[in-house]
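Undergrad: My questions will all concern the structure given below.
The values are calculated or read from the model by the stated rules, or taken from the named source; none is laboratory data. Everything numeric here is computed off the predicted structure, so don't read it as measured data. Cβ: placed from backbone, ideal geometry, glycine included. Neighbour counts: every protein chain shown. Only protein heavy atoms, including side chains, enter the accessible area calculation; ligands, DNA and RNA are left aside. Shrake-Rupley method; radii C 1.70, N 1.55, O 1.52, S 1.80 Å.
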Amino acid sequence: SVKILEKNSDIRKTYQNNFKYILVDEYQDTNFIQSEWLKYLAEYNQNICCVGDDDQSIYSWRGAEIKNFLQFESVYENTKIIRLEKNYRSTQNILNVASKLIENNENRVGKNLYTNQEKGELVTLDCFRNVKDEAIEISSTIENYKKENSLNEIAILVRAIFQTREFEERFLKVGIPYRIIGGIKFYERSEIKDCVAYLRCVHQPMDDLSFERIINVPKRSIGDTTIKNISEYAKKNKCSLEIASKKLIEINKIKPKTKLGLNSLLNLLNKWRYDLKAKTDHNKLLQIILDESGYSEMLKNKKDLENENRLENIKELLVAMKEFDNLESFLEHVALATSLDQDWEIEKVNLMTLHASKGLEFNVVYLPGWEEGLFPHQKSIEEKGESGLEEERRLAYVGITRAKKIAKISFSMNRFYQGDWIDSVASRFVDELPDEYIKKNNSFTENEESDFDF
């Protein structure tokens with residue numbers, strides 16, 4: 001459509017006459033093509049009004065160009081800027097913290113937020129020994145806050161989706177209902193279901209649902225027709241899908257190419273079940289399964305944001321498995337976690353990523369995991385440098401300003417990552433928070449004393 005407007009003056013003029021006044025909302029999220037399209041539409045009448053917040057531009061990975069907002073004055077002559085600085089959501093202390101943090105960004109128009117509301121509570125900053133302690137303490141304070149706030153008014157905002165797992169586990173343990181906004185609960189995510197299905201097949205050869213899920217994941221040239229034939233044979237002969245697969249191979253009822261893939265899976269299942277299960281730690285067993293099945297390679301070969309999230313989720317699953325003595329107890333836990341009430345209507349704590357929280361608001365907001373490398377995310381800095389860092393800071397700004405009454409920021413000193421405990425360093429954003437509006441705590445479970453200083 002941009003090319004049509006560019007090359008055809010008659011068509012361009014028709015549309016310019018049709019749209020004499022143009023209003024654009026969320027202008028900071030427009031991409032290059034959209035800005036060009038708007039230029040052609042508004043070129044004749046010059047009546048274009050764009051509303052947006054440059055401090056909330058957090059979608060560059062979707063093509064959003066912050067410079068569209070910052071360069072508006074140079075593109076459109078006689079621009080009038082109206083700053084909407086009165087905030088109707090947050091207390092003044094929350095606004096002060098968010099404003100001081102975002103002032104560290106150079107590429108912004110700038111504004112001074114104020115509210116007619118009370119100053120409110122100071123934003124709290126907590127340090128924890130590890131992420132488990134962080135989840136325990138947050139769940140404890142939620143128990144207190146829910147006396148005066150609906151659980152629907154409480155949110156936990158994380159930088160990466162894998163971070164929800166620790167909170168989900170804790171909430172399941174203490175009976176706090178929760179929902180994932182803009183995402184799926186940890187044990188219901190596709191890649192987690194795949195991993196659990198592989199483990200169930202190893203643990204229980206008669207698990208037909210799990211076998212059907214992994215039979216062609218990753219691709220083994222086993223199509224729907226073959227799976228249908230296996231199912232019909234199993235039903236007719238009252239046996240499992242795995243046994244039916246073996247029998248159909250024996251009687252030569254499987255096509256040669258499909259036979260190779262199916263045989264490979266059956267042999268691997270036997271190896272994992274009889275050669276490795278008794279000798280190998282269940283956590284290590286899953287790593288072997290993912291490597292030998294080709295599942296890890298499948299994810300690594302397709303490099304995009306979604307697959308990177310899947311890999312992070314699987315790493316988090318391996319962390320979760322270490323908390324159980326054996327494979328059987330872990331699978332029992334998963335069965336319990338996935339069988340609980342899914343009623344959306346009852347009051348629940350909201351868990352979501354910072355990106356998913358934009359536009360929402362809650363009385364109480366928790367912002368855990370403010371650790372260097374996680375937030376700001378190392379990949380953003382490596383790929384985009386200073387512009388990546390500024391976008392991460394805008395993400396922090398968005399997170400803080402989701403809170404209406406209470407905002408609680410936290411980080412941990414240790415994080416379990418890829419099989420090892422690693423020391424964490426507080427995010428550089430923590431150093432940028434203004435002391436006069438922050439209440440600093442050293443919070444550890446069981447009242448353990450901390451030797452950590454902010």
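Undergrad: Would a scan of the range 391-406 turn up a residue that is under 15 Å from the mean Cα position of the chain (by Cα) and under 17 Å from residue 164 (Cβ atoms)?
TA: The answer is yes; a qualifying residue exists.
Undergrad: May I pose another question? For the condition in contact with a Leu (Cβ under 9 Å, 6 or more places away or on another chain), open to solvent by less than 70 Å² (accessible area, probe 1.4 Å), part of a helix (DSSP H, G or I) and closer than 29 Å to residue 315 by Cβ, what is the one hit in 270, 283?
TA: Being in contact with a Leu (Cβ under 9 Å, 6 or more places away or on another chain), open to solvent by less than 70 Å² (accessible area, probe 1.4 Å), part of a helix (DSSP H, G or I) and closer than 29 Å to residue 315 by Cβ holds for just one of 270, 283, which is 283.
Undergrad: On to the next question. Tally up the residues in the range 386-409 that are of a type in the set (D, E, K, R) and either closer than 18 Å to residue 29 by Cα or open to solvent by less than 10 Å² (accessible area, probe 1.4 Å) (or both), please.
TA: Residues meeting the conditions: 6.
Undergrad: If I filter the range 390-405 for residues that are at pLDDT 95 or above and farther than 18 Å from residue 56 by Cα, do I get at least one hit?
TA: yes
Undergrad: For residue 22, indicate whether it is free of Cβ contacts under 8 Å to residues at least 12 places away in the same chain and more than 30 Å from residue 362 (Cα to Cα).
TA: No, not satisfied.
Undergrad: Can you confirm whether the range 360-374 contains a residue that is modelled with pLDDT under 95, of a type outside the set (Asp, Glu) and on the phi < 0 side of the Ramachandran plot?
TA: So far as the range 360-374 goes, yes, one or more of its residues are modelled with pLDDT under 95, of a type outside the set (Asp, Glu) and on the phi < 0 side of the Ramachandran plot.
Undergrad: Right, something else. Out of 214, 222, 192, 161, report the one residue that is under 24 Å from residue 299 (Cβ atoms), in contact with an Asp or Glu (Cβ under 7 Å, 6 or more places away or on another chain) and open to solvent by less than 50 Å² (accessible area, probe 1.4 Å).
TA: 214 is the lone residue from the list that is under 24 Å from residue 299 (Cβ atoms), in contact with an Asp or Glu (Cβ under 7 Å, 6 or more places away or on another chain) and open to solvent by less than 50 Å² (accessible area, probe 1.4 Å).
Undergrad: When the residues of the range 229-265 are narrowed to those that are within 13 Å of residue 216 (Cβ to Cβ) and either hydroxyl-bearing (Ser, Thr, Tyr) or under 36 Å from the mean Cα position of the chain (by Cα) (or both), which ends up most open to solvent (accessible area, probe 1.4 Å)?
TA: So, considering only residues that are within 13 Å of residue 216 (Cβ to Cβ) and either hydroxyl-bearing (Ser, Thr, Tyr) or under 36 Å from the mean Cα position of the chain (by Cα) (or both), the one most open to solvent (accessible area, probe 1.4 Å) is 264.
Undergrad: Has the range 333-352 got at least one residue that is at positive phi and open to solvent by 20 Å² or more (accessible area, probe 1.4 Å)?
TA: Taking every residue of the range 333-352 in turn, none turns out to be at positive phi and open to solvent by 20 Å² or more (accessible area, probe 1.4 Å).
Undergrad: For residue 184, are the conditions met, namely being closer than 25 Å to residue 358 by Cα, at pLDDT below 95 and open to solvent by 50 Å² or more (accessible area, probe 1.4 Å)?
TA: Taking the combined requirement at face value, the residue satisfies it.
Undergrad: Within the set of pairs 6+ apart or on separate chains, which have a first residue in the range 130-158 that is touching a residue at least 60 places away in the same chain (Cβ under 8 Å) and among the aliphatic types (A, V, I, L, M), a second that is open to solvent by 20 Å² or more (accessible area, probe 1.4 Å) and in a loop (DSSP other than H, G, I, E, B), and C-beta atoms under 6 Å apart?
TA: 151/347
Undergrad: Filter the range 1-44 down to the residues that are touching a strand residue (DSSP E or B) at 6+ places or on another chain (Cβ under 8 Å) and surrounded by 12 or more Cβ atoms within 10 Å (Cβ to Cβ) and list them by number.
TA: Scanning the range 1-44 gives 22, 24, 27, 30, 38, 41, 42.
Undergrad: Considering only the range 314-339, state which residues are closer than 19 Å to residue 209 by Cα and over 20 Å from the mean Cα position of the chain (by Cα).
TA: Matches in the range 314-339: 327, 328, 330, 331, 332, 333, 334, 335, 336, 339.
Undergrad: Six or more apart or on different chains, Cβ under 7 Å: which pairs go from a residue in the range 298-316 that's farther than 15 Å from residue 286 by Cβ to one that's open to solvent by less than 50 Å² (accessible area, probe 1.4 Å) and in a helix (DSSP H, G or I)? Could you list them?
TA: Correct list of pairs: 307/299; 309/161; 312/162.
Undergrad: Another question, if that's okay. Scan the range 60-67 and give yes if some residue there is in contact with a Leu (Cβ under 8 Å, 6 or more places away or on another chain) and touching a residue at least 60 places away in the same chain (Cβ under 8 Å), otherwise no.
TA: yes
Undergrad: Continuing with the same structure: Take residue 295 and tell me if it is out of contact with any Gly (no Cβ under 8 Å at 6 or more places or on another chain), open to solvent by 70 Å² or more (accessible area, probe 1.4 Å) and aromatic (Phe, Trp, Tyr).
TA: no
Undergrad: Consider residue 15 carefully, then state whether it is in contact (Cβ under 8 Å) with a residue 24 or more places away in the chain and either basic (Lys, Arg) or not in a loop (DSSP other than H, G, I, E, B) (or both).
TA: Yes; evaluated as a whole, the condition is true for this residue.
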